[in-house]
1. Of all the residues that make up region 121-130, how many are free of Cβ contacts under 8 Å to residues at least 40 places away in the same chain and either surrounded by 12 or more Cβ atoms within 10 Å (Cβ to Cβ) or basic (Lys, Arg) (or both)?
2. Sort out which residues of region 130-149 are in a loop (DSSP other than H, G, I, E, B), over 17 Å from the mean Cα position of the chain (by Cα) and under 14 Å from Asn48 (Cβ atoms), and write them in order of number.
3. Filter region 160-181 for residues that are outside any helix (DSSP H, G or I) and either crowded, with 17+ Cβ neighbours inside 10 Å or in contact with a Leu (Cβ under 6 Å, 6 or more places away or on another chain) (or both) and give the result.
4. If we keep just the residues of region 25-50 that are touching a residue at least 60 places away in the same chain (Cβ under 8 Å) and assigned to a helix (DSSP H, G or I), which is nearest to Asn87 (Cα to Cα)?
5. When you scan region 74-88, do you find a residue that is within 29 Å of Glu138 (Cβ to Cβ), modelled with pLDDT of 95 or more and within 15 Å of the chain's Cα centre (by Cα), even just one?
6. With respect to Asp104, is the statement that it is surrounded by fewer than 14 Cβ atoms within 10 Å (Cβ to Cβ), part of a helix (DSSP H, G or I), among the acidic types (Asp, Glu) and modelled with pLDDT of 95 or more true?
7. Mind checking which residues of region 8-60 are of a type in the set (Ser, Thr, Tyr) and out of contact with any strand residue (DSSP E or B) (no Cβ under 6 Å at 6 or more places or on another chain)?
8. Quick check on my filter: what residues within region 114-171 are aromatic (Phe, Trp, Tyr) and closer than 27 Å to Asn23 by Cβ?
Amino acid sequence: MIILGLMGKIGSGKDTVADYLVNDKEFTMIGFGDVTREIAEEKGVKMNRENLLEIQKEHVEKHGIDFFPKRIVEMIEERKLERVIINGVRRPADATTLKKEFGDDFHLILVETDSKIRYERMVRRGRVGDPEEYEAFEKQEKLEIEAFGLDETFEMAKITITNNTTLEELYEKTEEIISEL
């Protein structure tokens with residue numbers, strides 16, 4: 001069993017790494033955001049980062065800090081998955097819960113990218129709810145860092161992929177990591 005936890009700031013390339021592993025390496029992806037979006041859809045809430053953050057906050061307050069990682073563990077076990085990417089690990093409790101559940105099969109990977117590059121990539125991808133101005137991007141990022149304790153979680157990563165250049169280089173770095181695991 002190989003369970004990879006992907007984390008990084010907005011626009012760092014987490015989804016690109018996940019897509020590569022799903023399409024080329026036969027991994028199954030489960031994202032923290034997927035669980036949150038399912039809840040938002042059930043509630044009929046508009047899909048934007050602010051609303052999704054609020055849903056996460058509500059569920060953590062109601063069900064505990066480990067609600068989302070435990071739900072992901074359940075999904076992996078129910079589906080009997082062997083090669084999984086868990087995209088969007090954010091809170092320290094996310095990482096510690098997953099490590100506790102999967103032990104040495106769990107590997108936490110940080111995707112790092114310079115701020116300006118992340119903003120430009122995010123604007124190009126054009127997702128609904130993403131900020132359109134750099135200042136709004138910085139403000140949103142700061143809110144997420146504080147809300148989730150991202151700095152503490154990022155320090156837990158044993159593997160880092162720096163994603164400041166080409167897509168081909170990102171794939172090569174990802175391939176090297178998978179080969180080593």
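The values are calculated or read from the model by the stated rules, or taken from the named source; none is laboratory data. Computed from a predicted model, the values in this text were never measured in an experiment. FYI the Cβ positions are ideal-geometry reconstructions off the backbone, even for glycines, and counts take in every protein chain you see.
1. 3
2. Pro131, Glu132 - these are the residues of region 130-149 that are in a loop (DSSP other than H, G, I, E, B), over 17 Å from the mean Cα position of the chain (by Cα) and under 14 Å from Asn48 (Cβ atoms).
3. Thr160, Ile161, Asn163
4. The qualifying residue nearest to Asn87 (Cα to Cα) is Phe32.
5. Within region 74-88 (the criterion being within 29 Å of Glu138 (Cβ to Cβ), modelled with pLDDT of 95 or more and within 15 Å of the chain's Cα centre (by Cα)), the answer is yes, since at least one residue qualifies.
6. Yes; evaluated as a whole, the condition is true for this residue.
7. Thr16, Tyr20, Thr36 - these are the residues of region 8-60 that are of a type in the set (Ser, Thr, Tyr) and out of contact with any strand residue (DSSP E or B) (no Cβ under 6 Å at 6 or more places or on another chain).
8. Within region 114-171, Tyr119, Phe154, Tyr171 meet the criteria.
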